[in-house]
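Notes follow the structure.
The values are calculated or read from the model by the stated rules, or taken from the named source; none is laboratory data. Treat the numbers as computed from the prediction; the structure is a model and nothing was measured. Here the Cβ positions follow ideal geometry from the backbone for every residue, glycine too, while neighbour counts run over all protein chains shown. Just the protein is used for accessible areas: all its heavy atoms, side chains included, with ligands, DNA and RNA removed. Shrake-Rupley method; radii C 1.70, N 1.55, O 1.52, S 1.80 Å.
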Amino acid sequence: MPTVIFDFDGTLALGSGPIDAYAASLAEVAGIDGVSDAVAASRARFADGDPAIRDEYHAVRVAADLLGLDEDTLGRGYRLSRTLLATDRGPIDPVPGLGDFMDRLASVATLVLVTNAPDTRLAEALDFLGVGDVFADVVHSARKPVGIEATVREALTRGAVLSVGDMYVNDLAPAAALGADTALVGATASAPPGPVTMAGASIVDLYGEIEEWAATHP
C-alpha cells in the first residue's frame, strides 16, 4: 500500500490565524516596541516574493533577528502561540471537503502526519479539521528537513510514497532525494523551487491528483 505523508502548518492548517498568534505572542514575551511592525514588514516581503524568506514562520524569525531577539525569546513566543492554536486567538480555516477526501484516501493509502510543530493542541486542531482519526502515525517536533527522512525511508519499504507540503526545502526535497514523489501546495506552487510531481495553490486543488496517484501506486 502506498503512503502519503502530510505536513501540517500551511498544508492542512490554513489561514493567517496561527501566524498572527505567533506575531502577537512574540510581541508579548519580547517586551519591546516595534515587534508587530517588524513582523508585518517581514511578512509583506514574503508576500511580495522575497526569496530570502521561506514562509511566514521564517518571516517572524527574520524580524526577530533584525530586532536582536535571542532564540529563547523566539522560542517562548512560538510556544505561547501554540497554546492558542485552533482557538479564537489562533484560528485555522476549515478546508472544504478535507475530511471526506482524507477518509477516501485512507482507504487506499497509509496516511502519516510529519510536522515540526509540537503536539500542543495538535489533536484539537486535527479534530477541528475533521481528520483526527485518519493518520496511522503522527510525528510532531520532527525537525525537518532531516526529521522527515526516517519516516520516508520506512514507508518506502512498504510501497510508493508521496510527500505533501508547502515548504519545498523541508517537506519535499529530502523526500524526493530518497525516491518519493512530491506535491507542493501554497504560495510557491505556481513557481516551484525545484522539481515536483504535482503542485496546487491549496490542498483542495490536488484532491483529484493525489487520489489518482494513490490509485495508480499500489
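When residue 56 is tested against (1) in contact with a helix residue (DSSP H, G or I) (Cβ under 6 Å, 6 or more places away or on another chain); (2) more than 24 Å from residue 124 (Cβ to Cβ); (3) of a type outside the set (A, V, I, L, M); (4) at pLDDT below 95, exactly one condition is not met: (2).
Do we find that residue 179 is touching a helix residue (DSSP H, G or I) at 6+ places or on another chain (Cβ under 9 Å), small (Gly, Ala, Ser) and more than 22 Å from residue 13 (Cβ to Cβ) in this structure? Yes; evaluated as a whole, the condition is true for this residue. The residue pairs whose first member lies in the stretch 26-43 and is closer than 19 Å to residue 90 by Cα and assigned to a helix (DSSP H, G or I), whose second member is open to solvent by 20 Å² or more (accessible area, probe 1.4 Å) and among the aromatic types (Phe, Trp, Tyr), and whose beta carbons are closer than 6 Å, counting only pairs six or more residues apart or on different chains, do not exist in this structure. Apart from one condition, residue 68 fits all of (1) on the phi > 0 side of the Ramachandran plot; (2) in contact (Cβ under 8 Å) with a residue 12 or more places away in the chain; the exception is (2).
None of 82, 158, 143 is open to solvent by 30 Å² or more (accessible area, probe 1.4 Å) and closer than 30 Å to residue 51 by Cβ except 143. Across the stretch 131-154, the number of residues qualifying as free of Cβ contacts under 8 Å to residues at least 40 places away in the same chain, outside any loop (DSSP other than H, G, I, E, B) and within 15 Å of residue 175 (Cβ to Cβ) comes to 7. Could you list, in sequence order, the residues of the stretch 22-39 that are open to solvent by 30 Å² or more (accessible area, probe 1.4 Å), under 10 Å from residue 67 (Cβ atoms) and in contact with a Leu (Cβ under 8 Å, 6 or more places away or on another chain)? 32, 34, listed by residue number. The condition of being closer than 19 Å to residue 202 by Cβ and of a type in the set (S, T, N, Q) does not hold for residue 110. Being in a loop (DSSP other than H, G, I, E, B), at pLDDT 95 or above and crowded, with 20+ Cβ neighbours inside 10 Å holds for only one residue in 108, 95, 112, and it is 95. Residues that are over 22 Å from residue 95 (Cα atoms) and either open to solvent by 20 Å² or more (accessible area, probe 1.4 Å) or of a type in the set (Lys, Arg) (or both) within the stretch 168-193 comprise 169, 170, 173, 176, 177, 178, 179, 181, 191, 192, 193, listed in sequence order.
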